[in-house]
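K.L.:
Okay, handing you the structure first.
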Amino acid sequence: MPYTLAIFDLDGTLADSFPWFLRTINDVADRFNFRRVADEEIEELRHASSREILSQLEVPLWKLPAIARHARRLKAEAAAEIALFAGVETMLRTLAGNGVQLALVTSDSEANAREKLGDGAALFAHFDCAASLFGKAAKFRRVIRRAGVDPAQVIAIGDEVRDIDAARAAGIACGAVCWGYAAPAALRALGPDHVFERMDEIASTLCPGAVARRATRPP
């Protein structure tokens, strides 16, 4: 069944924010008194779930809302440093131009998200931003209700283990990208419906006919 709604994560999926995260995480750790991340720990953390990361860094759950607010503020200040991955706008325009509704679900603020997306923000029909006490699956369900589509025609695309878990909890397909925060091996181990190694594979998977027609169009 073709997908009529694609729900995207932002950081690590559309926006190349991991380098910024690595430069910032230990300053945030010092401010909120959790354990700093050593360089040799980074790859191990990329294979861990969100709960495992919080446990390893000794982050109390009650601090998460304040940490999230502070991180959003820092990202807004560093907006010029965080670019979209190459090919994002072309991919989004291909999907939207072929009838796929686009939604963005992120813990970042909508203002930050729109600034990062630039002109591409206009391609999105739905935004569900900011941290949620009920998790990402609840956001997915909310977007699906707003879009008025069958969950069987929805795919969530992200770069972390929690994106796959949330999609499954919401009863929708999941696609994992290999260029974000989590290690590709950690994502593949969960058996997502699709694994994308390159940005252009998203459009070719979700709109294969359109991509084929474009590829065979005479110059």
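K.L.:
So I have [x] 21.8, 71; [y] 18.2, 57; [z] 17.3, 60, and one of them is Rg and Dmax of the Cα atoms in Å calculated from this model. Which one is it?
P.N.:
Among [x] 21.8, 71; [y] 18.2, 57; [z] 17.3, 60, the one derived from this structure is [z].
K.L.:
Which percent of the accessible heavy-atom area of the range 35-81 goes to carbon and sulfur, probe 1.4 angstrom?
P.N.:
So the carbon and sulfur contribution to the accessible surface is 55 percent.
K.L.:
Once amide H atoms are built 1.01 Å from N in the peptide plane, which residues 5 or more positions from Phe8, or in another chain, come under 5 Å H to H?
P.N.:
Amide H to amide H, under 5 Å and 5 or more residues apart or across chains, Phe8 pairs with Ala103, Leu104, Val105, Ile157.
K.L.:
How large is log10 I(q)/I(0) at q = 0.12, 0.22 Å⁻¹ when the Debye formula is applied to the Cα atoms of the range 11-89, each weighted equally and without solvent?
P.N.:
For the range 11-89, the Cα-only Debye profile gives -0.37, -1.18.
K.L.:
So, for the chain, what is the accessible surface per residue at a probe of 1.4 Å, expressed in square angstrom?
P.N.:
49
K.L.:
Please list, in chain and number order, the residues 5+ apart from Ala15 or on another chain whose amide H is under 5 Å from its amide H, with Hs placed from the backbone.
P.N.:
The answer is Phe85.
K.L.:
Once you put a point 7 Å from the Cα of Ser50 and another 7 Å from the Cα of Glu89, both along the Cβ direction, what distance in nm separates them?
P.N.:
With each label point 7 Å from Cα toward Cβ, the separation is 3.1 nm.
K.L.:
How long are the three semi-axes of the equivalent ellipsoid for the range 110-156, computed from the Cα gyration tensor as the root of 5 times each eigenvalue, in whole Å, largest first?
P.N.:
That gives 20, 15, 7 Å for the three semi-axes.
K.L.:
With unit charges on the beta carbon (Lys/Arg positive, Asp/Glu negative), name the residue among Cys178, Ser204, Ala166 whose Cα is farthest towards the positive pole of the charge dipole of the range 120-209.
P.N.:
Farthest along the dipole direction, towards plus: Ala166.
K.L.:
Report the Cα-based extents of the range 122-213 along its three principal axes, largest first, to the nearest Å.
P.N.:
37, 31, 24
K.L.:
Moving on. Per residue of the range 60-77, in order, report the coupling 6.51 cos²θ - 1.76 cosθ + 1.60 (Karplus, θ = phi - 60°) as ³J(HN,Hα) in whole Hz, putting x for Gly and Pro.
P.N.:
Once θ is set to phi - 60°, the couplings for the range 60-77 become x, 4, 5, 7, 4, x, 5, 4, 5, 4, 5, 5, 4, 5, 5, 5, 5, 5 Hz.
K.L.:
Another question about this same structure. Principal axis extents for the range 45-166, Cα atoms only, whole Å, descending order, please.
P.N.:
45, 35, 25
K.L.:
Moving on to the next point. May I ask for the distance between the Cα centers of the range 90-140 and the range 161-214, given as a whole number of Å?
P.N.:
Spelled out, the Cα-based centre of one part sits 16 Å from the other.
K.L.:
State, as an integer percentage, the relative contact order of the chain based on alpha-carbon contacts under 8 Å between residues 6 or more apart.
P.N.:
The normalised contact order for the chain reaches 27 percent.
K.L.:
Another question, then. Near Glu110, within a Cβ-to-Cβ distance under 15 Å, what is the net charge of the other residues, with Lys and Arg +1 and Asp and Glu -1?
P.N.:
Here the charged neighbours net out to +4.
K.L.:
Right, here's the next one. For the range 18-118, what is the charge dipole size about the Cα centre, in debye to the nearest 20, if Lys and Arg each add +1 at the Cβ and Asp and Glu each add -1 at the Cβ?
P.N.:
That gives the range 18-118 a dipole magnitude of about 420 debye.
The values are calculated or read from the model by the stated rules, or taken from the named source; none is laboratory data. Only a predicted model underlies this, so the values are computations on that prediction, with no experimental measurement involved. All Cβ positions, even for glycine, are placed from backbone atoms using ideal geometry, and neighbour counts span all protein chains on display. Quick note on the areas: whole protein, heavy atoms, side chains included, nothing else; ligands and nucleic acids left out. Shrake-Rupley method; radii C 1.70, N 1.55, O 1.52, S 1.80 Å.
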